[in-house]
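In what follows, a single structure is set out as structure tokens and then discussed.
The values are calculated or read from the model by the stated rules, or taken from the named source; none is laboratory data. Values in this document were obtained by computation on a predicted structure and should not be read as measured data. A quick note on method: Cβ atoms are made from the backbone with ideal geometry, for glycine too, and the neighbour counts reach across all protein chains shown.
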Amino acid sequence: MLGDHPPPPSSAERWNAAWSRLLRRLVLVASELPGNLLERAAHEHGLSAAPATQEERDDHAALFLPWFLFTWTPTWPGEPPPGHEDGSSLAESHLVLHEEELDEDERLLIERTVLEPFSFYRVGGLDESHVELRDLLRRRDRRVLAPELVARLEEGQLLFARIVDVEDDLSLALACASQALPGELSRRILETAAALTPGALEDDELEADQDRWISLHRQLRHELTEAGMNSDGDPLVLHHLTFEVTDTDDAIEALASLTARGPDEIEDALEWDEHGELARAAVPWNRVDAEGRLQPRGQLELKGRRLTAEVDSASRADELRAALHVLLGEDCREVDCTRTHLAEFTRQLEDAD
């Protein structure tokens, strides 16, 4: 109706929008400073300045950039640029130099974010929009408004994050790892913290060891892979599932849904025979997270009325079965499932060599 106005943004939307604006501004400013700062900071932490995988891209935006802009203190190859002489982070220096160019929300975000260190959190209660988090290093509880996390977290998992209080009763996860760690790693985290201090870490102690915690998080992620766990924290057990479908056209629609891209996006994956019948369709199985990003889950292939799938855990196999039941119901029947544990798969690869 003429004269109607959209509803005002919620507090969370307001602060997330301000955070996005601020990150874009600070990345642009950093790119214009001398010394290839982004590449040097990435190299310092063993990260890629141009991440290749989706998980690396997610963590690059969600973890590395906030650390780079709000925590890292650059060293300069020559004389520091004006306003960067005191060893402050890029965000702090920008606040001093260009405070008048920032709006009130952006200024407050810089002031509060630089005071809030990264830490490890254990997931407690979950409701529709909030997550109860236990700070394992400072031994205190936080209630965080994070509907985008609720959709992908489970109680007992660990999260590496920077939680910022933007209002008296509003805390947001303004920097957060793209994947949670399984809860059994809590002991490792607490043992490392105890090596520094017998009790809960104070903010200044935690802040002083930010490099240590970021390195530990990266090490734990690597150890999950080495220990045979996928990005969900589930044991790596390769599943090859075979289904028979009743109707090929319905199966193609199901594949379009499972790719999370829609029917137009999978046209290039459809191969037709000389009679105009579907010969083969091979597509990735993706899931869309709460922020609209695609999360790869497995591979799917349709040949005639036979649908096969490759996934890397029992949990993902069950998830796919449930999704196919919703999409195709009784018109999709599982006829076979083979399982290969990581050790056996590795031996097969070695034998093939």
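Can we say residue 189 is under 27 Å from residue 215 (Cα atoms), at pLDDT below 85 and either touching a Leu at 6+ places or on another chain (Cβ under 8 Å) or in a strand (DSSP E or B) (or both)?
yes
It is to be established whether one or more residues within region 6-21 are at pLDDT 65 or above, within 19 Å of the chain's Cα centre (by Cα) and of a type in the set (S, T, N, Q).
Within region 6-21, one or more residues are at pLDDT 65 or above, within 19 Å of the chain's Cα centre (by Cα) and of a type in the set (S, T, N, Q).
Kindly provide the set of residues from region 160-181 that are in contact with a Gly (Cβ under 9 Å, 6 or more places away or on another chain) and surrounded by fewer than 21 Cβ atoms within 10 Å (Cβ to Cβ), ordered by number.
Correct list: 179 only.
Would you mention how many residues in region 193-226 are over 24 Å from residue 73 (Cα atoms) and either at pLDDT 70 or above or part of a helix (DSSP H, G or I) (or both)?
Summing the residues that are over 24 Å from residue 73 (Cα atoms) and either at pLDDT 70 or above or part of a helix (DSSP H, G or I) (or both) in region 193-226 gives 9.
Quick one: would you say residue 287 is out of contact with any His (no Cβ under 8 Å at 6 or more places or on another chain), in contact (Cβ under 8 Å) with a residue 40 or more places away in the chain and either more than 25 Å from residue 177 (Cβ to Cβ) or not acidic (Asp, Glu) (or both)?
no
Hey, can you tell me all the residues within region 337-353 that are within 33 Å of the chain's Cα centre (by Cα) and either modelled with pLDDT of 85 or more or part of a helix (DSSP H, G or I) (or both)?
Within region 337-353, 337, 338, 342, 343, 344, 345, 346, 347, 348, 349, 350 qualify.
Within region 147-157, can you find the residues that are over 13 Å from the mean Cα position of the chain (by Cα) and either charged (D, E, K, R) or over 16 Å from residue 16 (Cβ atoms) (or both)?
Listed by number, the residues that qualify are 154, 155, 156, 157.
Only residues in region 76-97 that are within 15 Å of residue 113 (Cβ to Cβ) and free of Cβ contacts under 8 Å to residues at least 40 places away in the same chain count as the first member; pair them with residues that are part of a helix (DSSP H, G or I) and among the aromatic types (Phe, Trp, Tyr), Cβ under 7 angstrom, at least 6 apart or cross-chain, and list the lot.
From residues that are within 15 Å of residue 113 (Cβ to Cβ) and free of Cβ contacts under 8 Å to residues at least 40 places away in the same chain, the pairs are 89/70.
Please specify each residue of region 81-102 satisfying the condition of being farther than 18 Å from residue 71 by Cα, in a helix (DSSP H, G or I) and more than 32 Å from the chain's Cα centre (by Cα).
Matches in region 81-102: 100 only.
Within region 295-328, how many residues are under 32 Å from the mean Cα position of the chain (by Cα) and either within 23 Å of residue 270 (Cβ to Cβ) or among the acidic types (Asp, Glu) (or both)?
Selection size over region 295-328: 21.
Among residues belonging to region 251-296 that are modelled with pLDDT under 85 and of a type in the set (Lys, Arg), point out the one that is farthest from residue 315 (Cα to Cα).
Only one residue tops the list, namely 261.
Which one is nearest to the chain's Cα centre (by Cα), of the residues in region 159-186 that are charged (D, E, K, R) and modelled with pLDDT of 85 or more?
Applying the filter and picking the extreme gives 162.
Which residue is farthest from residue 202 (Cα to Cα), if the candidates are limited to region 123-157 and must be touching a helix residue (DSSP H, G or I) at 6+ places or on another chain (Cβ under 6 Å) and in a strand (DSSP E or B)?
The selected residue is 126.
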